[in-house]
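The structure's right below; bear with me while I get my questions together.
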């Protein structure tokens, strides 16, 4: 299992790009999962539904299952937020995990840059950025691709991805 991240400022189009890249990767025969970091409290179930009531009642975990999918919600209840390596251990094995967010974790990332945001590039300040997908040319020795070139971005993601084992080793050496 390999891991690659997407990094960029809010509004750069990370989620939109990922929604275009995943089908391309699937067509090439890869199994893909995603981990998204949320900065705020968020809801995955609808207030008033049974699973929401169970969670609000104090359950540490609530698993919802149907014939089409299952989801596990784990409430931290004042415990520290888990780091990316811990979360990766909870996933089923796939070929590629794409991480959106977790900027401070030691995994390679493709920067998504949109000039209209008016924000600076994260590269070169983030040494884990291994490529850039942008709507404007960027002066760098890193691989680059236009935001609309999905095959090139998918290839960049695959070639830059690191194994989960390597990420776990990097993470262990940082703690």
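Among the candidates 88, 6, which residue alone is under 11 Å from the mean Cα position of the chain (by Cα) and more than 30 Å from residue 136 (Cα to Cα)? Working first, answer last.
Numbers: 6 fails: more than 30 Å from residue 136 (Cα to Cα).
88 is the lone residue from the list that is under 11 Å from the mean Cα position of the chain (by Cα) and more than 30 Å from residue 136 (Cα to Cα).
I've got another one for you. Looking at segment 136-175, which of its residues are surrounded by fewer than 16 Cβ atoms within 10 Å (Cβ to Cβ) and in contact with a helix residue (DSSP H, G or I) (Cβ under 7 Å, 6 or more places away or on another chain)?
136, 151
Across segment 49-88, what is the total count of residues that are surrounded by 10 or more Cβ atoms within 10 Å (Cβ to Cβ) and within 26 Å of residue 174 (Cβ to Cβ)?
The total comes to 8.
Please specify each residue of segment 7-16 satisfying the condition of being surrounded by 14 or more Cβ atoms within 10 Å (Cβ to Cβ) and assigned to a helix (DSSP H, G or I).
14
Still on this structure, please answer the following. Within segment 139-146, can one find any residue that is within 15 Å of the chain's Cα centre (by Cα) and modelled with pLDDT under 95?
The answer is no; no qualifying residue exists.
Listed here are the residues, each with its yes/no results for (1) farther than 30 Å from residue 155 by Cβ; (2) touching a helix residue (DSSP H, G or I) at 6+ places or on another chain (Cβ under 6 Å); (3) assigned to a loop (DSSP other than H, G, I, E, B); (4) modelled with pLDDT of 90 or more.
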residue	(1), (2), (3), (4)
18	no, no, no, yes
29	no, no, yes, yes
38	no, no, yes, no
54	yes, no, no, yes
58	yes, no, yes, no
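Looking only at residues that are over 15 Å from residue 167 (Cα atoms) and in a strand (DSSP E or B) in segment 90-129, which one is modelled with the lowest pLDDT?
100
Continuing with the same structure: Need pairs with beta-carbon distance below 7 Å; first residue at positive phi and within segment 125-151, second part of a loop (DSSP other than H, G, I, E, B) and surrounded by fewer than 13 Cβ atoms within 10 Å (Cβ to Cβ); sequence gap 6+ or separate chains.
none
Right, next: I'd like the residue in segment 17-48 that is free of Cβ contacts under 8 Å to residues at least 12 places away in the same chain and surrounded by 11 or more Cβ atoms within 10 Å (Cβ to Cβ) and, out of all such residues, is nearest to residue 117 (Cα to Cα).
19
The values are calculated or read from the model by the stated rules, or taken from the named source; none is laboratory data. Bear in mind that the values here come from a model prediction, so they are computed numbers and not experimental data. FYI the Cβ positions are ideal-geometry reconstructions off the backbone, even for glycines, and counts take in every protein chain you see.
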